[in-house]
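> Shown below is the structure under consideration.
The values are calculated or read from the model by the stated rules, or taken from the named source; none is laboratory data. Since the model is a prediction, treat every value here as computed from it, not as a measurement. Here the Cβ is made from the backbone with ideal geometry for all residues, glycine too, and neighbour counts use every protein chain on show.
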Amino acid sequence: MPQVLIIHSSAQIGESRKENQGSYTRQMARLLKDSLKGRGVRLVERDVAAHPPGMIDASFINASRTPENQRTPEQIERLRESDALVDEVLRSDVIVVGCPLYNFGIPAPLKAWIDNIVRLGRTFTMGEQRKPRVIYGLLHNKMVVILASTGCSGYQPGGCREELNHGDKAVRAVFENLGVHAFEYVVMEGVCEDAPEEIEAKWTRSRLKIDEVARRIQTRWRNRHCIN
């Protein structure tokens with residue numbers, strides 16, 4: 001049974017569409033989830049905004065760099081949360097990342113989650129083929145769906161603020177280095193500055209895009225004989 005992992009990172013707890021309050025990324029994630037559930041699929045949701053993963057510190061770095069069979073009980077405990085998060089990623093065929101743009105970057109809890117899943121020997125390796133500085137990603141069989149939202153417009157390719165987008169572009173860069181080649185995007189821009197009719201038109205396009213993404217995911221599973 002294929003597994004879809006949905007990561008929520010918006011500080012807004014509710015969904016959008018109610019007096020323009022709440023989170024567009026949460027709303028997009030729910031629509032995608034509704035399109036996929038009931039089809040022999042395991043759906044797993046993790047809200048890193050509500051329950052942020054631990055931050056990386058010296059104890060984490062030392063533990064992760066220690067060979068697994070040489071770790072102390074304290075080091076094993078320090079990596080317990082990270083190991084669970086990595087296991088969740090490894091079990092998933094599709095990883096859906098809700099990524100609102102905050103101050104030109106990703107939300108801090110999402111960065112903490114990424115720091116916990118980028119693990120040498122688990123999601124990437126180095127030094128293969130006698131190239132010690134080359135990173136080899138181990139997630140090459142995954143698909144990543146990025147659900148992005150921005151308060152202002154112009155952050156996507158060709159936009160006037162493209163160079164300031166250190167949000168969804170940064171998420172993609174991480175997963176590319178972890179070996180992912182299959183990406184899908186759904187973007188809602190200008191949710192805080194555009195006129196209501198413009199937002200409504202963009203939302204209609206986003207909903208259509210979500211339907212397209214859901215169909216491509218289902219086609220992916222049929223082609224890989226993952227679904228009955």
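> Contact list please: Cβ distance under 7 Å, first residue in region 81-105 and on the phi < 0 side of the Ramachandran plot, second residue of a type in the set (Asp, Glu), pairs at least six apart or on different chains.
If the second residue must be of a type in the set (Asp, Glu), the pairs left are CYS99/ASP168.
> Turning to a different aspect of this structure: Go through region 116-141 and report how many residues are touching a Phe, Trp or Tyr at 6+ places or on another chain (Cβ under 9 Å), in contact (Cβ under 8 Å) with a residue 12 or more places away in the chain and more than 14 Å from ASP87 (Cα to Cα).
The qualifying residues number 4.
> Of the residues LEU147, LEU139, LEU110, which is within 15 Å of the chain's Cα centre (by Cα), in a loop (DSSP other than H, G, I, E, B) and either at pLDDT below 95 or hydrophobic (A, V, I, L, M, F, W, C) (or both)?
LEU139
> Moving on. Collect the residues in region 175-199 that are in contact (Cβ under 8 Å) with a residue 12 or more places away in the chain, among the aliphatic types (A, V, I, L, M) and outside any helix (DSSP H, G or I), keeping them in residue-number order.
LEU178, VAL180, ALA182, VAL186, VAL187, MET188, VAL191
> Could you grab the pairs with beta carbons closer than 7 Å, sequence gap of 6+ or different chains, first residue in region 200-228 and at pLDDT below 95 and among the acidic types (Asp, Glu), second one surrounded by fewer than 17 Cβ atoms within 10 Å (Cβ to Cβ) and not in a helix (DSSP H, G or I)?
none
> A further question on this structure: Of all the strands (runs of 3 or more DSSP E) wholly in region 1-107, which have at least 1 residues that are surrounded by 16 or more Cβ atoms within 10 Å (Cβ to Cβ), acidic (Asp, Glu) and under 18 Å from the mean Cα position of the chain (by Cα)?
42-47
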